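See structure below.
Please treat every number below as a calculation from the coordinates, not as lab data. This structure is a prediction, so every number in the text was calculated from the model and none was measured. Neighbour counts run over all protein chains shown; Cβ positions are idealised from the backbone, glycine included.
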Amino acid sequence: MSAQEERFGLFIDGKWEEPSGAARFSTRNPANGESLGSFVAATPADAARAIGAAARAFPGWKETPAPKRGEILLRVGQELKRRKEEVGRIVTREMGKVISEGRGDVQEAIDFIEYMAGEGRRLAGETIPSELHAKFCLTVRQPKGVVAAITPWNFPTAIPNWKIAAALISGNTVVFKPASATSRCAVEVVRTYEAAGLPPGVLNLVTGAGGVVGNALIEDPRVRAISFTGGVETGREVYVRGAKALKMVHLELGGKNPQIVMDDADLDLALEGILFGAFGTAGQRCTATSRLILHEKVYDEFLRRLNERLDRFTIGDPLDPAVDMGPVASADQEKKVLGYVAIGQAEGATLLRGGRKLTGGAYDRGYFIEPTIFATRHGTRISTEEIFGPILSVLRVGSYDEAVRVANDVSYGLSSSIYTRDVNRAFRAVQDLEAGITYINAPTIGAEVQLPFGGIKNTGNGGREAGSAAIEEFTEIKTVFVDFSGHLQKAQIDPR
Ligand code: NAP
């Protein structure tokens, strides 16, 4: 830790605190190594205190009428709007996505918070007829209690807010454990809630290693639900631990998302789609396009155009608005991505372009990797495993049926896309593609907060975030029977 580093504490019970003698860690700009701050490496005891604060705050927050909770969320949204440029720049500096995407990350958070503020005037249940006379049946939504939100680094303001705002409007209290690599963004997220006047204990922040803090949150009996976004292997571990404690665990995991380009596609449109889908956020989106499935009739022409466009692609300081792609997020990411370049070469894929770490001048201070394209056959590791970096595998197919077979034959099922001008084929693809999300004539990325978000197969365990589906994640349904007949009525037994 350097002398000038800003120090940040844990946020527990409405106060920023620095446990005495706490170990610390720093986060760094992946473009140039600058420090974004020093953070507490929390212990299980710190996590337990945060859970205690959330548990104490729960009854009061649950009793707060949902529209009032919504008013506070609206103020959070306004505060984040006011700070959008500042926080967007912090996102870019800490995580490395280009500044337009840094702002976009914050905008997504704002949109979702505002959407959830409105949800405070809905939170709807159902009324359902009774089989008996003078009996009224309905359902109401109730909060689960203390919720743990465990989040990744690639959307360091949007994803935490997807969880926090939905959990809070539903009446839960939250302990937030962000990815260590984006702890500064997490501090900024929590500051917006603090500035909006959220009561103490309703939202708590515990920074520190997933294996320490995450496990403490999952295993504590006072935490009733875990909302996790991250990699498959971590997700599996979280699920198993949570299952042993019979907790609700919501998982949003990885992807290996295909963009299919058919022979009748608008190639220029498909080209814009693949450039944004594969190399936006340097390929580090769960919905990033990592497989380009090209019909053989357009294969050569499409790759020629793609190559031409990538010749003009700029890679550099993500704060520079003229730059197309920044660094990958960390040394670990760099190692992993370059490792996949070596795997691709070892398994006989043809490296069409890229594949190297950029060096010289400012590149030497960061983790910059060239946009990389491999031509490969379906079934190779690079065409089936999530890489989470700027590597695109290109697969040649001869028909729509083959394209769908290849698209579906992976363990993930998050996003998918097809470019075609044939409306019948487009609707068939909606039916046929095994994914939680399908785009027609648009790239695999581009979530909107009012629509459900999530995947099938190894991408998750069935839940959805965003939209009103998010409310289902964070509420229990209570079924209510009101008998106003004045005598005992027995369902299934009394004469009908
Ligand atoms: P990760 O390594 O799985 O980490 C995710 C979070 O889990 C971090 O906060 C991490 O803390 C924590 N963690 C690590 N070990 C843990 C444990 N044993 N128990 C509890 N928590 C633990 O994932 P990542 O590298 O941050 O993110 C990339 C992955 O997220 C990719 O696979 C991507 O596809 C996926 N993702 C999915 C979605 C979606 O909505 N489907 C969205 C975005 C990203 P530390 O940082 O301290 O290790």
Relative packing of peptides 464-476, 294-306 - highest average C-beta neighbours within 10 Å first: 464-476, 294-306
Mind jotting down the distance between the C-alpha centroids of region 420-496 and region 1-58, whole Å? 37 Å
Residue-wise, which Karplus ³J(HN,Hα) couplings in Hz belong to region 251-257, taking 6.51 cos²θ - 1.76 cosθ + 1.60, θ = phi - 60°, and x for glycine or proline? 10, 10, 10, x, x, 9, 7
Taking H placed 1.01 Å from N in the peptide plane, check which residues at least 5 places from Ile456 or on another chain put their amide H under 5 Å from its amide H. Gly413, Leu414, Gly436
Could you check what % of the DSSP bridge pairs in the chain are antiparallel, to the nearest 5? 40 percent
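Where does the chain land at 222 nm, in deg cm²/dmol rounded to the nearest 500, when only DSSP H runs of n ≥ 4 count, each adding -39500 (n - 2.57), divided by all residues? Each step should come with its number before you reach the end.
Values: 15 runs with 184 residues, N = 496.
It comes out at -11500 deg cm²/dmol, rounded to the nearest 500.
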Taking Cα atoms only, helix 84-95 is inclined relative to the longest principal axis of the chain by an angle, in degrees rounded to 10, of 60 degrees
How far, in degrees from 0 to 90, does helix 44-63 lean away from the longest principal axis of the Cα atoms of the chain, to the nearest 10? 60 degrees
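Once you order the gyration tensor axes a ≥ b ≥ c over the Cα atoms, which shape class does region 128-269 get: rounded for a/c under 1.5, otherwise prolate or oblate by comparing a/b with b/c?
Numbers: a/c = 1.62, a/b = 1.14, b/c = 1.42.
Oblate shape, in that a/c is at least 1.5 and b/c is the bigger or equal ratio.
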Sorting check: for 407-417, 119-129, which peptide has the highest mean count of neighbouring beta carbons within 10 Å, and how do the rest follow? 407-417, 119-129
Could you give the distance between the Cα centres of region 195-249 and region 121-178, to the whole Å? 16 Å
Sorting check: for 98-109, 36-47, 178-189, which peptide has the highest mean count of neighbouring beta carbons within 10 Å, and how do the rest follow? 178-189, 98-109, 36-47
Give me the distance in nm between label points sitting 7 Å out from Cα along the Cα-to-Cβ direction at Arg356 and Lys490, one decimal. 8.4 nm
For Thr127, put the label point 7 Å out on the Cα→Cβ axis and report which residues of region 454-496 keep their amide N under 16 Å from it. 480-485
For region 268-275, Karplus-derived ³J(HN,Hα) couplings (6.51, -1.76, 1.60; θ = phi - 60°; whole Hz; x for glycine and proline) come out as 5, 5, 5, 5, 4, x, 6, 5
Cβ-derived FRET efficiency at R0 60 Å, Lys135 paired with Asp264, nearest 0.05: 0.55
Report for region 257-440 the percent antiparallel among DSSP-assigned beta bridges with both residues inside it, nearest 5. 15 percent
Check: C-alpha center region 283-321 vs C-alpha center region 353-417, spacing in Å is 10 Å
Among the lysines, which have Cα under 29 Å from the Cα of Lys144 when same-chain residues fewer than 8 positions away are ignored? Lys15, Lys62, Lys68, Lys135, Lys163, Lys177, Lys244, Lys247, Lys457, Lys478
Taking a ≥ b ≥ c as the square roots of the Cα gyration tensor eigenvalues, with a/c under 1.5 meaning rounded and otherwise prolate when a/b beats b/c, else oblate, which class fits the chain? oblate
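For Cα pairs less than 8 Å apart in space and 6+ apart in sequence, what is the mean separation divided by the residue count of region 257-440, i.e. the relative contact order in percent?
Rounded, it is 29 percent for region 257-440.
Of all the Cα-Cα pairs you can form in region 346-423, what percent are over 22 Å apart?
Details: 1110 of 3003 pairs.
Of all Cα-Cα distances in region 346-423, 37 percent exceed 22 Å.
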Amide H of Leu352: which non-local residues (sequence gap of 5 or more, or other chain) have their own amide H closer than 5 Å, using H built in the peptide plane? Ile373, Phe374, Ala375
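What does the C-alpha gyration tensor say about the overall shape of region 257-440? Classify as rounded when a/c is under 1.5, otherwise prolate if a/b is larger than b/c, or oblate.
Values: a/c = 1.84, a/b = 1.62, b/c = 1.14.
It is prolate, given that a/c is not under 1.5 and a/b is the larger ratio.
Relative contact order (percent) for the chain, with alpha-carbon contacts under 8 angstrom and 6 or more residues of separation? Numbers along the way, then the final one.
On the way: 1143 pairs, mean separation 89.4, N = 496.
Relative contact order of the chain: 18 percent.
Can you tell me the dipole magnitude for region 257-440 around its Cα centre, using point charges on the Cβ only (Lys, Arg +1; Asp, Glu -1), in Debye to the nearest 20?
That gives region 257-440 a dipole magnitude of about 320 debye.
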Per the rule of 0.36 nm per residue minus the C-alpha distance, extending Val480 to Asp332 adds in nm 48.1 nm
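Taking 0.36 nm per intervening residue step and subtracting the Cα-Cα distance, what contour gain separates Ala243 from Ser399 on full extension? Please list the in-between numbers first.
Working: separation 156, 0.36 × 156 = 56.16 nm, distance 4.28 nm.
My answer for the length gained is 51.9 nm.
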Under 5 Å between amide H atoms, partner at least 5 residues away or on a different chain: which partners does Ala179 have, H built in plane at 1.01 Å? Thr151
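Over region 322-396, what is the relative contact order in whole percent, taking alpha-carbon pairs under 8 Å and six or more residues apart? Please list the in-between numbers first.
Working: 110 pairs, mean separation 24.1, N = 75.
In percent, rounded to a whole number, it is 32.
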Which whole-Hz ³J(HN,Hα) couplings does region 310-317 yield from phi under the Karplus relation 6.51 cos²θ - 1.76 cosθ + 1.60, θ = phi - 60°, glycine and proline marked x? 5, 4, 9, 6, 9, 10, x, 4
